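Report on the structure given below.
The values are calculated or read from the model by the stated rules, or taken from the named source; none is laboratory data. The structure displayed is predicted, hence computed values, not measured ones. We place every Cβ from the backbone using ideal geometry, glycine too, and count neighbours over all the protein chains shown. Ligands, DNA and RNA are excluded from the accessible area calculation, which covers all protein heavy atoms including side chains. Shrake-Rupley method; radii C 1.70, N 1.55, O 1.52, S 1.80 Å.
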Amino acid sequence: MRRFFCPLLSLVAILFFALPALAVMTTPLASMPDESPYTHRYQTQQFRMQEAETKTRLMAMLQVHNEAKTENMELYDVTFYDLQMDLNPGTHILTGTTTILAEVLGASLTTMDLNLMGNMNVSGATAGGSGVSFVHSSNVLTVTLDRAYMAGEMVTVTVDYSGDPEGDSFGWDSYGGDPLIWTLSEPFGARHWWPCKDLNSDKADSVDLHITVPEDLVVASNGLLQSETSPEPGKKTFFWKERYPIPTYLVSLAIHPFATFSNSYTALDGVTTMPVDYYVIPSYLGQAQTNYPVTVDMLEAFAQGFGEYPFINEKYGHAHFPWGGGMEHQTMTSLSYSAYSEHIISHELGHQWFGDMVTCADFHHIWLNEGFATWSEAYWLEMSEGTAAYRAEMNDAAYYGPGTIYVENPDNFWEIFEYNLTYQKASWVPHMLRGVLGDEDFFAGLLAYREAYEYDSATTEQFRDVFEEVSGRDLDNFFQQWIYGGGHPHYQVSYTTEAGAGSTVVQVRIEQTQSEAVFDMPLVLKIDQMLGNQNYTVENNQRVQYYSFTIPGAVSGVELDPNGWVLCQINYGGATDVPGLVSTEPRLLPNVPNPFNPSTTIHFELPADSHVRLAVYDLSGRLVRELENGERVAGAHSVRWNGRDGQGLAQASGMYFVRLNAGGKTGLRKITLVQ
């Protein structure tokens, strides 16, 4: 079960639940301070938490999003949207016509379901150029087509509509007395301001936006600006064309009397150039001109690591909006007008690869977007400042609390964008995968993932399969434990040394003491020796394991995971707790889990080969079941008890005893069965 806690988000939750049942917040939840005395780490956490807040807003929307997908939507694939909108910031009315071009996937299609909120008024619809009837109910617009369309045919539908879309996904705000109009549609907000099939799994191949506004305003949007025209006195129409596949939640508008400036990025081929455009509130122009140009350096670094910028034939850029943090709108990131740190710039840029180019198929797998974008911050620091900065950034992102990265309930916005899991812990997944595979296979895997799902959507399993193919490794356990499982390993490390002629025998004992299941991870052991430190990689997948090394010369110490590749906690137990070299008695270790239902694993260790008898007794001393009776070699062992007696009968809830007899010694432990 995915559990989470974030004090700042909890405070916002209290504010939300204090609102009337269907109230809508129309102002940002948190804007970053213009002047900040915060530490580097605090600033980083602040912007990530602000972004998480921004994306979790409006708990009142939960009910309407339960109808996000209808069976009819599976019968067609959208290839193109044309959005024509006239925005009146004085009356707060949007008047629009949306054209949808779609291919029929089902055997036939006679109606088309679109997502559109009920507060928007539909005045007409056409299909195939003919006027048709429609029904707008429960935030779904059903358009009756002019005829039955067969599989493979293309159908064109237009919808005329108007209304005030103001709410959590569309804002008629202002700055300095001038309109500041914005959109932020993640995860399900596009339907608040235009009719569409509002699902990540169906990316339109292209989108045209014809946006008409008062003539003193400037419109920033996706793709390339094709033209600025004046349809009538006092108005101006901006025509933006996005020719890369795009999900509905990444279609965006930012509108204000912006000041603009540009940089230029040179592609990896050394020839192609691309504009990097900035649309900023005029009073922040100086800050933007000082802090935004580093974006070009980031583009170069990320292109070298992740492959060429995905939208190289169009542009990248930033547009100011009033929310705290940022939003990775395709080719035109929306950034708070007070946010200029390299962390937020690199985070949103990373999203162009992870989230925009390849989008999580649904919000169960949001870590593929946010985890990679957060990791991209650390990767930028590695490229710009070195390995130490990368490791420090990852350490700052470590989260040791409960919960799963996989979002079990994507109807709960707070769970989708939970700061500690979706951002912090999820950023450790690419980091740890890099540690497991090494740089060559890891970055080759990123390129293969791109090749397989470029401009499409993907799940965790599809991501895993690509990396398995590239590396030749079975990664099922890795993703099962880190994405679908909770917790992290707690390693208890002990070692002893035995000097020989010119060499030292080092025996290391690693025990996983966490209550959760045992983690299966390769671990690096650094052995400090007089002739220079040496790293050894060992496979660790049992509750207790031993490793032996013969090292030239003297040994002064042992360190586990010296470079911080595993999200774990480590304790060192010294050199006296290593059976086989020091301990001379068998040990019966705690069973896991305890209490248990229906089964538990009992662990024990032998200092030497021994005859072993392991049995379970009830409180009266009656033998319930004999689990082991025979010769066993020295080392760690485990036996599973399924809560049944020797005849296979299930035992009642209560306390039982496990007794170990080995090497003339006896160990006893209490265990508890619950039904």
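Among all residue pairs at least 6 apart or on different chains, which show Cβ distances below 6 Å where the first residue, located in segment 463-487, is part of a loop (DSSP other than H, G, I, E, B) and the second is open to solvent by 50 Å² or more (accessible area, probe 1.4 Å)?
So the pair list comes out as Gly486/Pro402; Gly487/Glu516.
I'm trying to understand the selection: among the residues of segment 199-214, which are within 22 Å of Leu116 (Cα to Cα) and either open to solvent by 10 Å² or more (accessible area, probe 1.4 Å) or modelled with pLDDT under 95 (or both)?
Within segment 199-214, Leu199, Asn200, Ser201, Asp202, Lys203, Asp205, Ser206, Asp208, His210, Thr212 meet the criteria.
Considering every residue within segment 367-386, establish whether at least one is touching a residue at least 24 places away in the same chain (Cβ under 8 Å) and assigned to a loop (DSSP other than H, G, I, E, B).
no
Residues that are among the aromatic types (Phe, Trp, Tyr), closer than 20 Å to Asp362 by Cβ and within 16 Å of the chain's Cα centre (by Cα): list the helices (runs of 4 or more DSSP H) wholly contained in segment 393-458 that include at least 2 such residues.
Result: 413-416.
Can you find a residue that is part of a strand (DSSP E or B), over 24 Å from Gly438 (Cβ atoms) and among the small types (Gly, Ala, Ser) anywhere in segment 508-527?
No, there is no match, as no residue in segment 508-527 is part of a strand (DSSP E or B), over 24 Å from Gly438 (Cβ atoms) and among the small types (Gly, Ala, Ser).
Here are the criteria: (1) of a type outside the set (Asp, Glu); (2) surrounded by fewer than 21 Cβ atoms within 10 Å (Cβ to Cβ); (3) closer than 23 Å to Ile246 by Cβ. Tell me which single one His365 does not satisfy.
Status for His365: all satisfied but (2).
Give segment 630-645 a look and list any residue that's part of a strand (DSSP E or B), open to solvent by 80 Å² or more (accessible area, probe 1.4 Å) and farther than 20 Å from Ser599 by Cα, or say none.
Selection gives Glu631 alone.
In segment 442-489, which residues are closer than 25 Å to Ile246 by Cα and among the aromatic types (Phe, Trp, Tyr)?
Phe443, Tyr449, Tyr453, Tyr455, Phe463, Phe467 - these are the residues of segment 442-489 that are closer than 25 Å to Ile246 by Cα and among the aromatic types (Phe, Trp, Tyr).
Checking Gly324 against (1) more than 21 Å from Tyr423 (Cα to Cα); (2) assigned to a loop (DSSP other than H, G, I, E, B); (3) of a type outside the set (Phe, Trp, Tyr), only one condition comes out false. Which one?
(1)
Across segment 611-665, what is the number of residues that are modelled with pLDDT of 90 or more, among the polar types (S, T, N, Q) and under 25 Å from Gln545 (Cβ atoms)?
Of the residues in segment 611-665, 3 are modelled with pLDDT of 90 or more, among the polar types (S, T, N, Q) and under 25 Å from Gln545 (Cβ atoms).
Going through Leu224, Leu184, Leu217 one at a time, which residue ends up being open to solvent by 30 Å² or more (accessible area, probe 1.4 Å) and under 16 Å from Ala319 (Cβ atoms)?
Leu224
Going through segment 528-541 one residue at a time, which ones are out of contact with any Asp or Glu (no Cβ under 9 Å at 6 or more places or on another chain) and not in a strand (DSSP E or B)?
Residues satisfying the conditions are Met530, Leu531, Gly532.
If Gln304 passes every condition in (1) under 26 Å from the mean Cα position of the chain (by Cα); (2) not in a helix (DSSP H, G or I) but one, which one does it miss?
Failed condition: (2).
Yes or no, residue by residue, for (1) of a type in the set (A, V, I, L, M, F, W, C); (2) buried (at least 17 other Cβ atoms within 10 Å of the Cβ); (3) under 36 Å from the mean Cα position of the chain (by Cα):
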| position | (1), (2), (3) |
| --- | --- |
| Thr97 | no, yes, yes |
| Glu103 | no, no, yes |
| Leu109 | yes, yes, yes |
| Gly124 | no, no, no |
| Thr144 | no, no, no |
| Met154 | yes, no, yes |
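Out of the residues in segment 273-292 that are of a type outside the set (Phe, Trp, Tyr) and in contact with a helix residue (DSSP H, G or I) (Cβ under 9 Å, 6 or more places away or on another chain), state the one that is farthest from Phe311 (Cα to Cα).
Ile281
Scan segment 557-589 for residues that are of a type in the set (S, T, N, Q), at pLDDT below 85 and either in a loop (DSSP other than H, G, I, E, B) or loosely packed, with under 15 Cβ neighbours inside 10 Å (or both) and report the count.
2
Identify the residue in segment 646-675 that is free of Cβ contacts under 8 Å to residues at least 12 places away in the same chain, assigned to a loop (DSSP other than H, G, I, E, B) and open to solvent by 60 Å² or more (accessible area, probe 1.4 Å) and, among all such residues, is nearest to Pro598 (Cα to Cα).
Leu649
Can you report the number of residues in segment 505-524 which are buried (at least 21 other Cβ atoms within 10 Å of the Cβ), touching a helix residue (DSSP H, G or I) at 6+ places or on another chain (Cβ under 8 Å) and aliphatic (A, V, I, L, M)?
The number of residues fulfilling the criteria is 1.
Select from segment 209-224 the residues that are free of Cβ contacts under 8 Å to residues at least 60 places away in the same chain and among the β-branched types (Val, Ile, Thr) and list them in ascending order.
Within segment 209-224, Val219 is the sole residue that qualifies.
Filter segment 537-554 down to the residues that are among the aliphatic types (A, V, I, L, M) and over 25 Å from Arg587 (Cβ atoms), then identify the one that is most open to solvent (accessible area, probe 1.4 Å).
Among those residues, the one meeting the criterion is Ala554.
Output the residues belonging to segment 246-272 that are closer than 20 Å to Met298 by Cβ, assigned to a strand (DSSP E or B) and open to solvent by less than 20 Å² (accessible area, probe 1.4 Å).
Tyr265
If you go through segment 61-75 one residue at a time, do you hit one that is surrounded by 17 or more Cβ atoms within 10 Å (Cβ to Cβ), in contact with a Gly (Cβ under 9 Å, 6 or more places away or on another chain) and modelled with pLDDT under 95?
Scanning segment 61-75 turns up at least one residue that is surrounded by 17 or more Cβ atoms within 10 Å (Cβ to Cβ), in contact with a Gly (Cβ under 9 Å, 6 or more places away or on another chain) and modelled with pLDDT under 95.
Picking from Asn72, Asn119, which residue would you name as being more than 26 Å from Trp182 (Cα to Cα) and not in a strand (DSSP E or B)?
Selected residue: Asn72, the only one of Asn72, Asn119 that is more than 26 Å from Trp182 (Cα to Cα) and not in a strand (DSSP E or B).
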